[in-house]
Every structure is written in C-alpha cells, then in structure tokens.
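Trainee: Below you will find the structure I want to go over with you.
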Amino acid sequence: MTTAPEFNKTWLGPRYWGIWLLLSIMWLIAHLPYAVQMRIGSTIGSLLYYVARDRKRIAHINLSLAFPDYSVEQRTALVKAVFRETGKALPETCIAWFRHPGKLNIEWHVENIEQLVEAAESPQGVLLLGAHFSCVDICGSLIGTLLDYDTLHRPHGNPLMNYFQCRGRLRFVGALIEKKDMLSMIRRLKKGRVIFYAPDQDLGRKYSIFVPFFGVSTATVTATAKLATVAGARVFLALTLRTPKGYRMRAIDGAALSTGDIEADTTAYNAWLEEEIRQQPSQYLWLHKRFKTRPKGEAKLY
C-alpha cells in the first residue's frame with residue numbers, strides 16, 4: 001500500500017520551481033467558482049483537440065468501433081465533446097487535491113447509497129466497481145464524504161506532484177493501494193474494507209480474457225471475479241457522472257457479477273458499462289487504447 005510520502009526539503013530547490021508554479025496555479029483553480037472551473041476545463045479540452053493529435057486519432061478509432069453506425073460528422077462531434085468533458089477533469093483534479101468538494105456550490109445526487117453504506121458497515125468486504133468516466137477523480141472525493149473506503153492508486157512520476165496527489169486523496173480515503181498489488185487488496189477486503197476498483201483498462205493478455213464490449217472482442221481484466229471469490233467480498237457497481245450543475249453517483253448491487261464464473265462475471269461487467277456509456281458517451285475516457293490487445297491472429301487497431 002501507498003502511505004503519504006514525507007516532505008523532502010530538496011523539493012524547494014530550483015529544479016522544482018516549475019512544479020511549484022504549476023501547483024500554485026492548480027491551487028488557484030481549485031478555489032475559483034465552480035462554473036468558472038468548468039469553463040476553464042472545457043476550453044482546455046477544446047484546445048487539446050487540436051494539439052493532442054495522437055489522442056484524437058485514438059478517440060476516432062475507439063468511437064468508430066463502438067459506434068459504427070455514426071457518420072463521420074457525428075463521430076467528429078462526439079470526439080470534440082469527449083475532449084471538452086475530459087478537459088473538465090483537470091480543474092476537478094485541482095479540487096480533489098487542494099479543496100474540499102463539499103464546499104463547492106454544486107448539486108450532488110446520490111442514489112441507493114443506503115444499501116452500500118449498510119454493506120460497508122458489515123464485516124464482509126465490499127468491492128466497489130467503477131469505470132473511467134472523466135469525473136471519477138472528484139467523485140471519488142465526494143464518495144469519501146459518505147463512506148470509509150480504500151482506492152487503487154498509480155503513483156505520479158514526479159515526486160513532488162506525487163506528494164500532493166497522495167496528500168489530497170488521503171483526505172477522503174483510508175488507504176491507497178498500488179494498482180497491481182492484488183495481495184493487499186485481498187487482505188483489505190478480508191478485513192471488511194470497501195475498495196473502489198475500475199477494471200476497464202487494457203492491461204494486456206496476461207491479466208485478461210476476451211469478452212464483448214460494444215460488439216468488439218476486448219481484453220478485459222479478470223481480477224474482479226477473482227477478487228470477489230478469493231476475498232469473499234460483496235460486489236457493488238458505482239456509476240459516477242457529471243451533470244449540468246454537479247455530479248451524480250448511483251450504487252448498484254452487483255451480485256450478478258460475483259457468481260464465481262470468471263467469463264460470465266467479466267462479460268456482465270462489460271455489458272453494464274456499455275449500457276451506461278451509451279447514456280453519456282462523451283464522459284467516458286475514449287482517449288486511451290481500450291482495444292489495444294487483440295486476439296491472436298487479429299491485426300492491430302491503432
């Protein structure tokens with residue numbers, strides 16, 4: 001597990017002055033009015049559409065696979081919307097690191113949280129499955145105001161940025177677990193902890209099986225089914241979405257995803273996620289290579 005790193009005095013040296021400037025800007029953005037923050041994020045996303053050409057190419061490929069019936073014009077409009085929504089995640093990260101989201105003037109709608117809180121208070125561990133919708137960072141902070149949970153974590157490559165990332169996130173979660181530390185996840189679940197886990201990224205053939213996702217045979221990690229079985233954990237699904245005036249989180253009993261049949265459980269997760277994405281396709285993280293790993297004999301898609 002990742003603990004909060006200690007502050008290193010060498011970070012005050014000239015080598016890190018540029019990072020301190022960036023952190024100062026992030027702090028300022030975090031304390032702006034929410035509507036201004038979202039306009040800044042949307043503007044940054046719109047600019048990135050023209051600058052981040054490789055990510056734009058990846059998004060076009062992903063959406064051509066997921067929505068083959070879309071015209072070029074429809075797909076281009078959706079890609080632009082994806083960039084705008086992804087851009088909004090930047091000020092949201094500033095908030096998650098440097099401000100309490102409860103102080104924002106926003107609407108925060110939570111559905112079916114009572115059942116999740118009841119499960120969290122029981123001795124049985126809870127695997128809370130989410131997905132990489134672009135608001136997941138700030139929604140993780142908001143969820144932390146409702147229940148005590150742990151989450152998976154990828155350390156930042158810059159030690160000073162990592163210090164503030166850990167410091168910000170640990171205000172709202174009990175522990176940060178490195179993404180591939182399955183042993184710690186199992187131990188924490190067996191102790192009755194709630195762990196938020198988003199298994200919707202391509203981690204390669206070693207950790208995955210191929211199951212349908214938007215009609216495409218997609219490498220999907222099997223850790224979800226294995227964790228629930230080995231740790232004896234209860235499974236919930238967590239949908240986190242951005243709304244015009246704030247955020248919405250819905251907790252769903254995921255008993256259908258913990259049958260012990262790895263292929264069936266993994267397929268069920270993808271089916272749930274696909275259904276939710278179709279409601280708000282612009283908010284999903286289409287900028288990563290979701291279909292990178294292909295079945296043997298198939299050509300590369302990117």
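Read-outs: derived from the displayed coordinates by stated rules, not from any lab. Nothing here was measured: the structure is a model prediction, and the numbers come from that model. Don't worry about glycine lacking a Cβ; one is built from the backbone with ideal geometry, like all the others, and counts go over all protein chains shown.
Trainee: Within the range 235-243, identify whether any single residue is part of a helix (DSSP H, G or I), in contact with a Cys (Cβ under 8 Å, 6 or more places away or on another chain) and crowded, with 22+ Cβ neighbours inside 10 Å, and answer yes or no. Lay out the reasoning, then the answer.
Mentor: Within the range 235-243, the subset part of a helix (DSSP H, G or I) is none.
For the range 235-243, residues part of a helix (DSSP H, G or I), in contact with a Cys (Cβ under 8 Å, 6 or more places away or on another chain) and crowded, with 22+ Cβ neighbours inside 10 Å: absent.
Trainee: Are any residues in the range 136-149 in contact (Cβ under 8 Å) with a residue 60 or more places away in the chain and either under 19 Å from ASN270 (Cβ atoms) or touching a helix residue (DSSP H, G or I) at 6+ places or on another chain (Cβ under 6 Å) (or both), and if so, which ones?
Mentor: Answer for the range 136-149, where residues must be in contact (Cβ under 8 Å) with a residue 60 or more places away in the chain and either under 19 Å from ASN270 (Cβ atoms) or touching a helix residue (DSSP H, G or I) at 6+ places or on another chain (Cβ under 6 Å) (or both): VAL136, ILE138, LEU142.
Trainee: Could we say that LEU78 is under 24 Å from GLN165 (Cα atoms) and not in a strand (DSSP E or B) here? Steps first, please.
Mentor: Values: under 24 Å from GLN165 (Cα atoms): no; not in a strand (DSSP E or B): yes.
Spelling it out, it is not the case that LEU78 is under 24 Å from GLN165 (Cα atoms) and not in a strand (DSSP E or B).
Trainee: Next question. Within the range 171-181, is there a residue that is in contact (Cβ under 8 Å) with a residue 12 or more places away in the chain and farther than 30 Å from ILE19 by Cα? Break it down into steps so the answer makes sense when it comes.
Mentor: Let us first name the residues in the range 171-181 that are in contact (Cβ under 8 Å) with a residue 12 or more places away in the chain, namely 171-179, 181.
Filter once more, so that each one left must be farther than 30 Å from ILE19 by Cα: none.
No, that holds for no residue.
Trainee: Hey, another quick one. Only one of ALA231, ALA255 is without any contact (Cβ under 8 Å) to a residue 40 or more places away in the chain, small (Gly, Ala, Ser) and under 26 Å from GLY174 (Cα atoms); which? Talk me through it step by step, then tell me what you get.
Mentor: Values: ALA231 fails: without any contact (Cβ under 8 Å) to a residue 40 or more places away in the chain.
ALA255 is the lone residue from the list that is without any contact (Cβ under 8 Å) to a residue 40 or more places away in the chain, small (Gly, Ala, Ser) and under 26 Å from GLY174 (Cα atoms).
Trainee: Are there helices (runs of 4 or more DSSP H) fully within the range 1-66 with at least 1 residues that are more than 30 Å from PRO281 (Cα to Cα) and not polar (S, T, N, Q)? List them. Write out each step before concluding.
Mentor: Details: elements: 17-30, 34-51, 53-66.
Result: 17-30.
Trainee: Another question, then. Identify all residues within the range 17-67 that are among the aromatic types (Phe, Trp, Tyr), within 29 Å of LEU301 (Cβ to Cβ) and surrounded by fewer than 19 Cβ atoms within 10 Å (Cβ to Cβ); write none if there are none.
Mentor: Filtering the range 17-67 for residues among the aromatic types (Phe, Trp, Tyr) gives 17, 20, 27, 34, 49-50, 67.
Those still in the list that are within 29 Å of LEU301 (Cβ to Cβ) too: 49-50, 67.
TYR50, PHE67, listed by residue number.
Trainee: Of all the residues that make up the range 121-148, how many are buried (at least 16 other Cβ atoms within 10 Å of the Cβ) and either of a type outside the set (A, V, I, L, M) or not in a loop (DSSP other than H, G, I, E, B) (or both)?
Mentor: Qualifying residue count, the range 121-148: 19.
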